[in-house]
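Beneath this line is the structure, given in structure tokens, with notes to follow.
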Amino acid sequence: MKGPLFYSKILLFGEHAINKGSKGLSIPYNFLKGALKADHVNSPEAKKSNESLRRFAVHLEQLQAERPELVTFDIEALKTDLETGMYFDSSIPQGYGVGSSGALVAAIYDRYANDKITVLENLTREKLLKLKEILAAMESFFHGKSSGLDPLNSYLSIPILINSSDNIEATGIPAQRVEGKAAVFLLDSGIAKETAPMVQIFMESLKDKGFRTMVKEQFIKYSDACIDNFLHGEVSSLLTNTKELSKVVLQHFKPMIPEQFHGVWQKGIETNDYYLKLCGSGGGGYILGFTHDIDRAKAALKDYKLDVVYQF
């Protein structure tokens with residue numbers, strides 16, 4: 001048995017503030033991927049994955065018992081496959097903000113869900129929201145609370161535009177120009193992170209009126225503008241707004257930026273060689289970067305591992 005591939009995702013814009021009225025834009029990242037396998041590999045990684053999947057299966061059984069109207073699974077087939085040593089073979093790093101659990105959830109839904117919604121049908125807003133709700137309930141096993149966006153993006157493997165929590169749509173993004181100088185890249189912080197503590201920091205900060213005002217009047221303003229710029233291929237405006245967003249994040253979201261990157265972050269703003277922002281919840285993992293000139297960014301960040309995601 002070898003299942004189809006499911007890709008990682010990158011939430012380009014909208015981290016943390018989606019639940020506060022911000023738009024969001026999530027795109028598949030095809031260089032990192034995973035698939036369900038049962039090929040009698042007895043490596044420590046395969047065993048660990050199999051054990052995790054067994055615990056996940058218990059969660060799915062409880063989920064269908066509590067909410068049969070939402071989703072049911074072929075639990076017997078899942079258990080049988082787990083007995084034969086099935087595991088999730090993945091190149092997606094855990095704790096890096098690129099949807100490792102989302103790809104796994106997408107793979108399990110694809111293989112074992114009954115009456116599943118597929119990418120081949122007419123994906124109405126209602127179907128997208130139902131699918132998002134199902135995948136969120138499944139992924140809550142890993143994060144405590146999930147928006148469902150990571151597995152949704154991985155399952156459909158198409159860019160998703162989040163207009164609001166109950167208004168999402170599949171969207172097109174401008175074609176890449178491989179020879180283009182301007183680019184989006186991932187910077188490896190070298191630190192795995194946990195999502196839940198970062199979300200907790202954000203929720204605690206929201207109790208402060210000044211922070212709430214900043215999120216509404218600055219963070220969401222620039223984040224939404226970046227999404228519009230990106231979708232319309234307005235590179236110059238995108239980079240101008242990303243720089244403003246980078247400043248806001250450095251000033252107000254510092255606990256979510258690894259301390260050793262505070263100076264690197266500031267340097268990008270000062271030199272205009274690159275602008276950094278959180279990738280997902282922050283706290284480690286990947287950091288997202290935007291630049292007018294990828295060669296300049298690579299030279300300035302030569303001490304770090306950098307992967308190009310998209311070129312304009």
Worksheet entry | Protein accessible area in region 12-109, 1.4 Å probe - carbon and sulfur % | 49 percent
Discussion item. Of the candidates Ala17, Ala299, Ala113, which one comes out as most mobile in a Gaussian network treatment of the chain with C-alpha springs shorter than 10 Å?
Written reply: Ala299
Fill in: Percent carbon-and-sulfur accessible area, region 195-263, ignoring ligands, DNA and RNA, probe 1.4 Å
51 percent
Worksheet item: When ligands, DNA and RNA are left out and all protein chains stay put, how many square angstrom of accessible area per residue does region 194-247 have with a 1.4 Å probe?
Response: 53 Å²
Item to complete: Would you give the gap between the C-alpha center of region 217-263 and the C-alpha center of region 86-119, rounded to a whole Å?
Response: 29 Å
Worksheet entry | Accessible surface of region 116-162 [probe 1.4 Å, protein heavy atoms]: carbon and sulfur percent | 55 percent
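Averaged per residue, what accessible surface does region 1-95 expose to a 1.4 Å probe, in Å²? Walk me through the numbers on the way to the answer.
Details: 4660 Å² over 95 residues.
It amounts to 49 Å² per residue over region 1-95.
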Worksheet, complete the sentence: Cα-Cα longer than 28 Å, checked against Lys2/Lys48; Lys207/Lys254; Lys216/Lys277; Lys127/Lys181, kept in input order, equals Lys127/Lys181
Worksheet item: Which value at 222 nm does the chain reach when only helices count, each DSSP H run of 4 or more adding -39,500 (n - 2.57), with the total divided by all residues and rounded to the nearest 500 deg cm²/dmol?
Response: -13500 deg cm²/dmol
Worksheet item: Sorted by mean Cβ packing within 10 Å, highest first, what order do the peptides 64-71, 134-141 take?
Response: 134-141, 64-71
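The values are calculated or read from the model by the stated rules, or taken from the named source; none is laboratory data. Since this is a predicted model, take the numbers as computed values, not measurements. Neighbour counts are summed over all protein chains in view; Cβ atoms, including those assigned to glycine, are modelled from backbone coordinates with ideal geometry. Side chains included, ligands, DNA and RNA excluded: accessible areas come from the protein's heavy atoms. Shrake-Rupley method; radii C 1.70, N 1.55, O 1.52, S 1.80 Å.
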